[in-house]
Amino acid sequence: MHPAGQLDDLVHQRARLGILAIANEAQRVEFRYLQSELDLTPGNLTTHLAALEKGGLVRIAKGYEGRRPRTWVSITRRGRAALRSEVATLKQIVQRTEVPRWEGDLTVAPLGTVRPG
């Protein structure tokens, strides 16, 4: 199976991968920071966070900083593992792209077999 088949749809989406990558860099990250860094609307960010939270990849905490309400996002152990797995898969894809295992043109035959063209 090609490594692309191992990409996790929950993690691989651009915004979700960004959320996990940023959350992985800190103990917790504030909602507005994520929104700014990823250039997302509040609604889009909320939707992506809900999907990641449902998958057990992030934890969301609401509270106050002074009188201002805040939403904090933390990556879970499961989230860190999913991020590491996704990055490893992406590295495999990059490696296969940079170092082709053949020379010349290829033809893809029925049933996904590959043969020289």
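Please give the number of the condition residue 19 fails out of (1) surrounded by 13 or more Cβ atoms within 10 Å (Cβ to Cβ); (2) over 10 Å from the mean Cα position of the chain (by Cα); (3) β-branched (Val, Ile, Thr).
For residue 19, the failing item is (2).
Would segment 6-16 turn up any residue that is over 11 Å from the mean Cα position of the chain (by Cα), closer than 16 Å to residue 85 by Cβ and in a helix (DSSP H, G or I)?
Yes.
Filter segment 40-60 for residues that are part of a helix (DSSP H, G or I) and among the polar types (S, T, N, Q) and give the result.
44, 46, 47
Look at residue 71 and say whether it is at pLDDT 95 or above, in contact with a helix residue (DSSP H, G or I) (Cβ under 9 Å, 6 or more places away or on another chain), part of a helix (DSSP H, G or I) and more than 16 Å from residue 17 (Cβ to Cβ).
No, not satisfied.
Inspect all residues belonging to segment 85-101 and state whether any of them is in contact with a strand residue (DSSP E or B) (Cβ under 8 Å, 6 or more places away or on another chain), surrounded by 10 or more Cβ atoms within 10 Å (Cβ to Cβ) and at pLDDT 95 or above.
The answer is no, given that none of the residues of segment 85-101 is in contact with a strand residue (DSSP E or B) (Cβ under 8 Å, 6 or more places away or on another chain), surrounded by 10 or more Cβ atoms within 10 Å (Cβ to Cβ) and at pLDDT 95 or above.
Restrict the check to segment 44-64 and report whether at least one residue is within 16 Å of residue 18 (Cα to Cα), free of Cβ contacts under 8 Å to residues at least 12 places away in the same chain and among the hydrophobic types (A, V, I, L, M, F, W, C).
Among the residues of segment 44-64, at least one is within 16 Å of residue 18 (Cα to Cα), free of Cβ contacts under 8 Å to residues at least 12 places away in the same chain and among the hydrophobic types (A, V, I, L, M, F, W, C), which makes the answer yes.
The values are calculated or read from the model by the stated rules, or taken from the named source; none is laboratory data. Here the structure is a predicted model, which is why all the values come from computation and not from measurement. As a convention, Cβ positions derive from the backbone with ideal geometry for all residues, glycine included, and neighbour counts pool all protein chains shown.
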